[in-house]
Structures are given as structure tokens and as C-alpha cells.
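Q: Dropping a structure here in C-alpha cells format, bear with me for questions.
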Amino acid sequence: MSVLLAIRSWDNAPWIERFRRVLPDRRVLTPDEPHSVDEIRYIACWRHVPGSLARYSATRALFSLGAGVDHLISDRDLPAAPIVRVVDTDLTERMTEWIVLQVLAFHRRARAYRERQAARRWEDDRDQPAAREVRVGVMGLGVLGGDAIDKLKALRFDVAGWSRTPRDIAGVPTFAGEAGLAAFLARTDILVSLLPLTDTTRGILNARLFGMLAQDGRLGGPFLVNAGRGGLQVEKDILAALDSGMLQGAALDVFEAEPLPADSPLWVHPAVVVTPHNSAISDPDTIAGYIATQIRALESGARLRNIIDVATGY
Ligand code: NDP
Ligand code: OXD
């Protein structure tokens, strides 16, 4: 009944310590510790080495240590076990903080005021619109998109949402699928992406899509906020759209290649905000507790929660 922690690109130590604390009755180990393949019943992973998990055929559940599972299901060679993702209030609220921060910064022209301050220029914008005059479009109406919408609505932004299948959200216009995309984009001044990376969403944030965003809004042109995945965005298209004025600014937490290469022009573009994929970190305390609860529930006969659908990819 051992638990394998297959983690790359994050520090292992806090995870091992937390998992051992919440599951004191079993072995918690990393792939490089001596173990037998048959003792592993659960695997918790973040960007594991592709192909390295297939041999654990006694696995009862594969847990992603994040909300996204693209890092897991891009590996076609996994043990046949359900894949469970993180759904956690702590993670959700962290994400909403980041989204609200970026939306407010674009709405309240943070960049312009930083530049004016640097030049000691006392100049205000009498045409600052109110939040209710600014249209925010959220792509992805799942756990994260839903919470972001609630908080943006509380600030009185004019919010709409887009998802794969039709969703009803009280007081929010919603659009679905390819058929609803154009109408959704045409009423969007700040586009917020909280989509998962799947075969269908890869590269969706591209020149064609930027060209469909509203150009008649109170902010003088559209902005992009992406915290979904870097694979959703075409970075050369973002840069070209910023340079041509098709986009006014972009706040990006995720990138085609991570860490963002030192020579990426995104680092120095004045209209781009870069954060290092930390808009919503996975907190070892809460996530180890969440996974331990799931393991205990499964072993006492209950069903796992938050299993992803491999067919849709999220
Ligand atoms: P959910 O699975 O709860 O929601 C996904 C949403 O995306 C759903 O509304 C779904 O539509 C929609 N969607 C999926 N495919 C499409 C499509 N082809 N067209 C339109 N809409 C689509 O995910 P979460 O909200 O929990 O998380 C979203 C993503 O955020 C994660 O997959 C991850 O990549 C990213 N993330 C990033 C973090 C970071 O630190 N930067 C941290 C955590 C997550 P429908 O409602 O119809 O199913
Ligand atoms: C996640 C992430 O998917 O941190 O949770 O990106």
C-alpha cells in the first residue's frame, strides 16, 4: 500500500515530509528509493518522467499534484488507474487573487501610472471607466473560471464566460463551443484564459482569436490574461498583436517553454507582465491532506472524487 511521489521541477522535500505526516501508516517514497514495483498502490505526480510509471501495474489511483492533468495524460504509457486532479479551495482562491490583480491592473492602467511616476509626471486620466463599463470574458467555466467570475462580478465588471459545453451561471451571459466563440470574443475587452491544455485547446490564443476581440471597448483595445497553460498561447502571435496594437497588454503566468527562456522577448516587452507559473501554487499541506483523505475514502469503499475524463483530456 505504498505511495510513490514522482515529482520533477518542484522541490521534493516538503512533499515527502507532508505525505509522511498525513499517511503515517504506510511507506511514502520517491522513484530513486529502493522499492518493489508491486508495493505501489498510489502515485502522486507532477511532471514525472514520461514512461516511468507504466510498470506500476498495481496502482489504484494516479493523483496529479496540480489542478491540471496535461502533464500526466500526455504520457501515453500510464498504469490503467483513474486519474484524479486537485480541486482545492486554497488553490482556487490563490488563482482568483492573481486573475483579479491582473484584470484590475489593466483596468486601472497600472503600467501608465508606473511610467508617469518614473517620469515624476502628475497626470490623471479623467476618462477612467468604471468596472461595469469593462467587459471581461473568461474562457473556461470550471472550478477556477467559476470562482474568478464570482469575484470579478462582485467588483461589478461586465463578465461573460465561454466553455466547451453550455453552462448556466446566474447573471452572466455564457457561450459555448466553436459556435459561441465569435460572439463571446466580440464582447470581450479583457480576455481571461483558465482553460485546460487539451488537443482541442492547444494554440487557441492565436492571431485569429485576437483579431476577433472587441476593439470598441472603454479601455482602448483588448488585453489578454492567461493562467491556463502555456501551450494554449502562440507567443509569436501575442508579440505581433502587441506590436500592431491588436492587443494592448498581456499578463502571462504560463509559457510555451518553462522556465521562460532568458532570450524570450516576453521578458522585456513593456506591455507584458510575466509571472513564473505561480498564480496558484499547490500547497503541500493542503494537497497532501486532500490526497490522504481520498486514499482513506477509497480504502473504506467510497468513490474517488475529481476523476478526470481521459477522452476530453481534463
Ligand atoms: P476545470 O476542469 O474545472 O474546468 C475546465 C473548463 O474549461 C470547463 O469549463 C471546460 O468546459 C472548459 N473547456 C475545456 N475544453 C474546452 C474547449 N475545448 N472549449 C471551451 N472550453 C473548454 O478546470 P479548472 O478550472 O480547475 O482548471 C483549469 C486549468 O487551469 C487547469 O487545467 C490548469 O491547466 C490551469 N491551472 C493553472 C495554474 C497555474 O498556476 N497557472 C494552477 C491551476 C490550474 P466544460 O464546462 O464544458 O467542461
Ligand atoms: C496546476 C498548476 O495545474 O499549478 O495546478 O499549474
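Q: Of everything in segment 150-186 that's in a helix (DSSP H, G or I) and aliphatic (A, V, I, L, M), which residue is surrounded by the most Cβ atoms within 10 Å (Cβ to Cβ)?
A: So the residue we want is 152.
Q: Which one of 254, 273 is part of a strand (DSSP E or B) and at pLDDT 95 or above? Spell out how you get there, then give the answer.
A: Details: 254 fails: part of a strand (DSSP E or B).
Of 254, 273, the one residue that is part of a strand (DSSP E or B) and at pLDDT 95 or above is 273.
Q: Take the conditions of a type outside the set (D, E, K, R) and within 26 Å of the chain's Cα centre (by Cα) and apply them to residue 23. Does it pass?
A: Considered against the rule, which asks whether it is of a type outside the set (D, E, K, R) and within 26 Å of the chain's Cα centre (by Cα), residue 23 comes out as no.
Q: So how many residues does segment 265-276 have that are touching a residue at least 40 places away in the same chain (Cβ under 8 Å) and either closer than 19 Å to residue 198 by Cβ or within 14 Å of ligand 2 (Cβ to nearest atom) (or both)?
A: Within segment 265-276, residues that are touching a residue at least 40 places away in the same chain (Cβ under 8 Å) and either closer than 19 Å to residue 198 by Cβ or within 14 Å of ligand 2 (Cβ to nearest atom) (or both) number 1.
Q: Look through 69, 3 and report the one residue that is β-branched (Val, Ile, Thr) and over 30 Å from residue 138 (Cβ atoms).
A: Working: 69 fails: over 30 Å from residue 138 (Cβ atoms).
Matching residue, one of 69, 3: 3.
Q: Another question, if that's okay. I'd like the full set of residues that are over 30 Å from residue 71 (Cα atoms), in contact with a helix residue (DSSP H, G or I) (Cβ under 8 Å, 6 or more places away or on another chain) and either open to solvent by 10 Å² or more (accessible area, probe 1.4 Å) or within 16 Å of ligand 2 (Cβ to nearest atom) (or both), limited to segment 214-264. Steps first, please.
A: Within segment 214-264, the first condition is being over 30 Å from residue 71 (Cα atoms), and the residues that meet it are 214-222, 243-246, 248.
Of the ones still in play, those that are also in contact with a helix residue (DSSP H, G or I) (Cβ under 8 Å, 6 or more places away or on another chain) are 214, 218-219, 222, 246, 248.
Listed by number, the residues that qualify are 218, 219, 246, 248.
Rundown of residues vs (1) outside any loop (DSSP other than H, G, I, E, B); (2) more than 22 Å from the chain's Cα centre (by Cα), yes/no style:
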site	(1), (2)
243	yes, yes
263	no, yes
280	no, no
298	yes, yes
304	no, yes
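Q: For segment 282-293, what are the residues that are assigned to a helix (DSSP H, G or I), among the polar types (S, T, N, Q) and within 16 Å of ligand 2 (Cβ to nearest atom)?
A: The one that is assigned to a helix (DSSP H, G or I), among the polar types (S, T, N, Q) and within 16 Å of ligand 2 (Cβ to nearest atom): 286.
Q: Kindly indicate whether residue 203 is surrounded by fewer than 21 Cβ atoms within 10 Å (Cβ to Cβ), closer than 26 Å to residue 87 by Cβ and within 20 Å of the chain's Cα centre (by Cα).
A: no
Q: Now, a different point. So which residues in segment 71-98 are out of contact with any Ser or Thr (no Cβ under 6 Å at 6 or more places or on another chain) and among the acidic types (Asp, Glu)?
A: Within segment 71-98, 75, 77, 93, 97 meet the criteria.
Q: Take residue 101 and tell me if it is of a type in the set (A, V, I, L, M), within 16 Å of ligand 1 (Cβ to nearest atom) and free of Cβ contacts under 8 Å to residues at least 12 places away in the same chain. Don't jump to the end; show me each part of the working.
A: Values: of a type in the set (A, V, I, L, M): yes; within 16 Å of ligand 1 (Cβ to nearest atom): yes; free of Cβ contacts under 8 Å to residues at least 12 places away in the same chain: yes.
It is true that residue 101 is of a type in the set (A, V, I, L, M), within 16 Å of ligand 1 (Cβ to nearest atom) and free of Cβ contacts under 8 Å to residues at least 12 places away in the same chain.
The values are calculated or read from the model by the stated rules, or taken from the named source; none is laboratory data. Just so it is clear, the structure is predicted and the values come from calculations on it, not from any experiment. We place every Cβ from the backbone using ideal geometry, glycine too, and count neighbours over all the protein chains shown. Just the protein is used for accessible areas: all its heavy atoms, side chains included, with ligands, DNA and RNA removed. Shrake-Rupley method; radii C 1.70, N 1.55, O 1.52, S 1.80 Å.
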